[in-house]
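Here is the structure we will look at, set down as structure tokens.
The values are calculated or read from the model by the stated rules, or taken from the named source; none is laboratory data. Note that the structure is a prediction, hence the values are computed from the model and not measured. Cβ coordinates were reconstructed from backbone atoms using ideal geometry, including for glycine residues, and neighbour counts include every protein chain displayed. All accessible areas refer to the heavy atoms of the entire protein, side chains included, with ligands and DNA or RNA removed. Shrake-Rupley method; radii C 1.70, N 1.55, O 1.52, S 1.80 Å.
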Amino acid sequence: MLTGSARQAYRLEAFWIKGRRASRDRHSTRVCGRRLHGIYCDQAQQIPIGTAAGGPCNTEKLVLTDNLYNYVLAHTPESQVLGRLREATAEQHAGRERNQVAPEQGRFLAWLVEALSVRSAIEIGVFTGYSSLAIALALPDNGCLVACEKDEHCMQLAREYWCAAGIRHKIEERMGPALGSLQALIDEGRNSSFDFAFLDADKRSYKSYFEQLLHLLRPGGVMVIDNVLWYGRVADPKETAKNTVALRSFNDALLHDNRVSFSMIPVGDGMTLCRKKP
Ligand SMILES: C[S@@+](CC[C@H](N)C(=O)[O-])C[C@H]1O[C@@H](n2cnc3c(N)ncnc32)[C@H](O)[C@@H]1O
């Protein structure tokens with residue numbers, strides 16, 4: 001039984017559950033069945049590396065049923081202000097609330113920020129500010145989140161809740177197309193100054209954002225990239241929409257990128273955690 005904001009979140013996330021289930025089913029049969037990528041090399045250690053798709057994959061796979069997802073939500077702490085923002089987004093941006101990260105993803109981001117002792121963070125794609133708020137609440141009082149967004153309309157709700165949560169002073173807004181905002185940060189000499197980045201904007205620009213964020217992250221810094229499974233479509237060759245193709249290409253390119261180590265996690269719509277190698 002869910003209460004209050006968790007129940008609301010559960011309703012909002014119903015489609016995520018479907019997307020994730022489809023993704024898992026397709027992923028398991030496709031990925032376990034054949035080798036998807038060639039051998040590449042971990043330059044740090046000069047060890048040839050294949051992918052986990054190369055051999056048998058008999059590990060028991062967990063199907064995230066509605067009941068189980070309900071259980072996950074019931075064990076996902078969410079502050080009241082985050083719950084209220086979720087409800088306000090559903091009311092004021094009805095039909096677009098799926099843009100928000102799921103509650104367990106917000107919690108995961110906040111936990112990473114705490115665990116990695118992040119002081120300076122950057123987010124690409126704010127929408128109504130749910131993930132920004134989760135990150136900023138987890139930052140120390142003198143921490144900073146640079147929040148990049150182009151849509152002034154959705155930022156109004158974000159600002160309202162950042163103020164309500166008492167974390168407005170931690171947020172530096174960068175309004176406008178994010179490629180320009182990131183280039184401005186690079187030009188201002190903020191290279192290698194960020195501990196943490198969260199990428200959640202237009203999918204076709206992910207490769208460009210990734211390159212810019214690599215400049216801005218310090219060595220050892222961590223970047224989290226959202227929607228890497230794109231409702232399971234990345235694993236379905238019949239899906240040829242531009243966003244799907246872009247995400248597939250982004251995921252493939254990472255396999256050969258020796259500047260980072262990474263791990264793809266099937267949480268929400270899929271998140272990849274990347275660490276810039278020192
Ligand atoms: C998926 S939503 C972000 C959701 C947010 N991270 C959350 O959890 O609430 C993507 C956002 O990226 C923004 N966006 C898309 N293209 C952009 C661009 N070129 N520059 C800046 N923001 C962009 C959209 O306006 C939208 O608000």
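Suppose R0 equals 35 Å. What FRET efficiency, 1/(1 + (r/R0)^6) with r the Cβ-Cβ distance, do Ile49 and Ile186 give to the nearest 0.05? Please list the in-between numbers first.
Values: r = 31 Å, r/R0 = 0.88.
For Ile49 and Ile186, the calculated efficiency is 0.70.
Just reorder Ser261, Ser131 by solvent-accessible area, largest first, 1.4 Å probe, all chains present. Don't skip to the answer; put the middle values down first.
Values: Ser261 55, Ser131 10 Å².
Ranked list, largest accessible area first: Ser261, Ser131.
Size of region 207-278 along its principal axes in angstrom, Cα-based, largest extent first?
39, 22, 17 Å, listed from the longest principal axis down.
Roughly how many Å² is the accessible area per residue of region 145-228, as a whole number, for a 1.4 Å probe? Please list the in-between numbers first.
Values: 3230 Å² over 84 residues.
Averaged over the residues of region 145-228, the accessible area is 38 Å².
Would you mind telling me the share, in percent, of accessible area of region 209-276 contributed by carbon and sulfur at probe 1.4 angstrom? Can you show the working numbers first?
Numbers: 1460 of 2550 Å².
Solvent-exposed carbon and sulfur of region 209-276 make up 57 percent of the total.
Expressed as a whole percentage, what fraction of the accessible surface of region 44-105 belongs to carbon and sulfur atoms when a 1.4 Å probe is rolled over the protein heavy atoms? Present the calculation step by step, with values, prior to reporting the outcome.
Values: 1960 of 3730 Å².
Carbon and sulfur atoms account for 53 percent of the accessible area of region 44-105.
Accessible area, 1.4 Å probe, largest first: how do Leu247, Leu179 sort?
Values: Leu247 0, Leu179 70 Å².
In descending accessible area the options line up as Leu179, Leu247.
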